[in-house]
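None of the figures in this text is laboratory data; all of them are computed from the coordinates on show. Everything quoted here is computed from the prediction, not taken from an experiment. Note that we place each Cβ from the backbone using ideal geometry, even for glycine, and neighbour counts take in every protein chain shown.
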Amino acid sequence: MPEEASLRPDLLPRLGAFARLLHDAGLEAGPRRLTDATRALVHIDMKREVDFRSALRTVFVSRKEDIPTFEAAFDIFWAPPDPRITAGVIPVRSRALPMSPERAKAWSSVLGLNASQMNREQNPREVPTSSSGYSAEELLRHKDFDEMTWLETEQVRRLLEQAAWRVAERRTRRMRPARAGRIDLRRSARHAIRSSGELMKLFRRRPSMRRRPLVLICDVSGSMERYSRLLMIFAYAVARREDLEAFVFSTRLTRITRLLRQRDVDKVLDSVTKGVHDFSGGTRIGTALGDFNRKWARRVLGHGAVVIIVSDGWDRGDPAQLAAELDHLHRSSHRLIWLNPLIGSEGYEPLTRGMAAALPYCDDFLAAHNVQALDDLGRLLAGLGRRPAYK
């Protein structure tokens, strides 16, 4: 209990452990949040559980939809278990902590809970094979990434890896032999020389085709944390079959193309998390795109590349800088696509200053909140034709 913990000298280590539990459950609970929590507790009466709970909730919860997860974690970690209520489940609620089976098992051991109490992922309910005419796979395709359990994210990984779409092809300057097309005078002349100067046959050629390269620039700041894992799985699935250059950014840009080439997707996710120093940090989209335009644009934007930016548009930087960098990027690429996971939220409007500055330079503004949205993106990429008129 908080009252008891406030009288003990080990409150800070316990706060650190609680922050790790919140982080494993999907909330932003890094060192900065932990520091703010310790400062907040100085100004309250820690003998009152309601004040203790409210202070920690104020620090660690930044979105309304994170409140149930925080409350469940708080009840598990600080409050004594009620024998009438399953640990991790709030009364009159049924949501448990979204956590991987391995981490749930570890936490249940630390806290002295059964695995079934700690996380319903250990004993997941069976997904109905059909509901209102939709298959279980169809239901999963339309479910928001933010609401998925660990088991469902593993199923989504398989769906993304098995997707049938491929990026549309483009004509290159290289020519290849063909039955129809332009006359290949050089080849026809060589054949005529070997035939004693008689022109026996006209050879033809046509431009060879090659799929357009993709450039993915993904926001992994704190506001995108709930979507980052599945978006990295999406990047991994695309990199396995397409010419993909991938970058992530929070306050600065990091290239992760080589990390995506590993065969094990779990190792890829772990490498990206460790290799990106500002993972789940702040957001400066304009600064990150400026680094891309200066250091990487000439290397990766050739051959009619398609650029995909994935971000919710929350930006702490200068909107004018973001607009200028996007203008440059738009002119350098064949097509500029912006994916926003928040488009799937009811009543969402792109009113943030970052999104308002970006929209005039985007050829397409699409959702990225579930598998169906990513399938729609795939169909768009498979059917790419000429570049739309500049806005």
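Using the Cβ atoms and a cut-off under 11 Å, what net charge is assigned to the surroundings of V265, where Lys and Arg are +1 and Asp and Glu are -1?
+1
Considering amide H positions built from the backbone, and no H for Pro or chain starts, which residues 5 or more places from K143, or on another chain, come under 5 Å of its amide H?
Amide H to amide H, under 5 Å and 5 or more residues apart or across chains, K143 pairs with V371.
Within 10 Å of each residue's Cβ, count the other Cβ atoms and sort F74, F145 from fewest upward. Let's see the in-between values first.
On the way: F74 21, F145 24.
Ascending number of Cβ neighbours within 10 Å: F74, F145.
What shape does segment 212-382 take by its C-alpha gyration tensor, where a ≥ b ≥ c are the square roots of the eigenvalues and a/c under 1.5 counts as rounded, a/b above b/c as prolate, and the rest as oblate?
rounded
Between R252 and R158, how high is the FRET efficiency from 1/(1 + (r/R0)^6) when r is the Cβ-Cβ distance and R₀ = 25 Å? Nearest 0.05.
0.15
Shape verdict for segment 249-324, please, from the Cα gyration tensor: rounded (a/c under 1.5), prolate (a/b greater than b/c) or oblate.
Cα axes put segment 249-324 in the oblate bin.
If I model a spin label as a point 7 Å beyond the Cα along the Cα-Cβ vector, how far apart are those points for L12 and F365 in nm?
Reported label-point gap for L12 and F365 is 4.7 nm.
If you take the square roots of the eigenvalues of the alpha-carbon gyration tensor of segment 321-391 and sort them as a ≥ b ≥ c, do you get rounded (a/c under 1.5), prolate (a/b over b/c) or oblate?
Taking the square roots of the gyration eigenvalues as a ≥ b ≥ c, segment 321-391 is oblate.
Where does the charge balance sit around S345 when Lys and Arg score +1, Asp and Glu -1, over other residues with C-beta under 13 Å from its C-beta?
Neighbourhood net charge equals -4.
Please rank V42, V156, V238, V59, fewest neighbouring Cβ atoms within 10 Å first, as an exposure proxy.
With the fewest neighbours first, V42, V156, V238, V59 line up as V42, V59, V156, V238.
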